[in-house]
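Structure, as structure tokens:
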Amino acid sequence: MRGFFGLVVFSTLFFTGIFAGYTKADLTPNVAEFVEKMSIEEMKQIRLDAEQGIAAAQFFLGWMYAEGKGVTQDDKQSVAWWRKAADQGYAGAQTLLGARYAKGKDVPQDYKQAVALFRKAADQGDAAAQFLLGWMYVEGKGVPQDYKQAALWYRKAADQGDAAAQFGLGAMYGGGRGVAQDYKQAVAWYQKASERGEPRAQFGLCLMYLYGMGVPQDYAQAYMWANLAAAQGFKDAIKVRDDFVKKLIPSQIEEGQRLAREWINTHPQAQVAQ
């Protein structure tokens, strides 16, 4: 029965819209903050440097066009500048351009091209690209479906602290896909991702505590993690929480709520919606 639940956890959590929720800020941490703090003069210098062929400047200019920072928002221009930087081997640009090909946004959808770009960036150690390359192997898009390859790339990104990859690796351990099924490992990786505010991982912990997989069954803990994921708008967590709360006694509900408040207070960096 637990094997069945493990597969349910894997399927429910894993096959959600990766690109729908994976923003440019996730792909290139700290870039948004860096661009936000640029002065007008610095933005002008970025353009001059980009026109001189400096790859990092081309990447940042592409970001500025994507976000409409200092320039009129123009996705086609962002793609053009990211392509220039990617052609020079700039990993961040390769990752973002690959994501555009995977989504088919402002370029023809081309999974093989997306994989090629992700691989170039992943080989340079770009965690976001490693995660996305793993996801392409899970989905079998641009490459034959291969869970072992997916797990390999997820682990590389997860070891660098990428929350989406940590969640993905946890889901693979929970479902026994590409790795031997191991609920304790699933819990460990969900925990790491949850510490970074990943709502799917928080919901994963909810299910693990709810069914006693990899951890002792604990309804208060399950309710806590369901609350945290639900607070970020994760619909499955809201549904599960609202269903099983009817079976809890008041003390379990109060304990779960207390634990959730305590977690939020001690994890401000996770940016959990309250």
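Just so it is clear, none of the values below were taken in a lab; they were calculated from the coordinates. Values in this document were obtained by computation on a predicted structure and should not be read as measured data. Note that each Cβ is placed from the backbone with ideal geometry, even for glycine, and that neighbours are counted across all protein chains shown.
Tabulated data
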{"item": "Mean projected area (nm²) of the alpha-carbon convex hull when the chain is viewed from all directions", "result": "14.8 nm²"}
{"item": "Residue among LYS246, LYS112, LYS103 with the largest mean-square fluctuation in a Gaussian network model of the chain, springs linking Cα atoms under 10 Å", "result": "LYS246"}
{"item": "Reach of LYS148 by Cα under 20 Å, taken over aspartates and glutamates that are not fewer than 8 positions away in the same chain", "result": "ASP123, ASP126, GLU139, ASP159, ASP162, ASP182"}
{"item": "Nearest-0.05 FRET efficiency for ALA180 and LYS247, computed from C-beta distance (R0 25 Å)", "result": "0.15"}
{"item": "Residue of PHE34, PHE118, PHE59 that the Gaussian network model of the chain assigns the largest fluctuation, springs spanning Cα pairs under 10 Å", "result": "PHE34"}
{"item": "Difference of contour (0.36 nm per residue) and Cα-Cα distance, LYS69 to THR266", "result": "67.6 nm"}
{"item": "Label-to-label distance, nm, for residues given as GLU33 and LYS235 (7 Å Cα→Cβ offset)", "result": "3.2 nm"}
{"item": "GNM result for the chain, Cα springs below 10 Å: residue of GLY175, GLY142, GLY92 fluctuating most strongly", "result": "GLY142"}
{"item": "Partner lysines for LYS235 [C-alpha distance under 20 Å; skip if fewer than 8 residues away on the same chain]", "result": "LYS246, LYS247"}
{"item": "HN-Hα J in Hz across the range 71-86 - Karplus 6.51, -1.76, 1.60, θ = phi - 60°, x for Gly and Pro", "result": "9, 6, 4, 7, 5, 5, 5, 4, 4, 4, 6, 5, 5, 4, 5, 5"}
{"item": "Zero-based 5 Å bins, Cα pair distances in the range 198-274, whole percents", "result": "3, 19, 29, 28, 16, 5, 0"}
{"item": "The chain: relative contact order in percent, alpha carbon pairs under 8 Å with at least 6 residues between", "result": "11 percent"}
{"item": "Packing-based ranking, highest mean first, of 148-158, 66-76 given that Cβ atoms within 10 Å are counted", "result": "148-158, 66-76"}
{"item": "Three-way shape label, the range 138-195, alpha-carbon gyration tensor, a/c 1.5", "result": "oblate"}
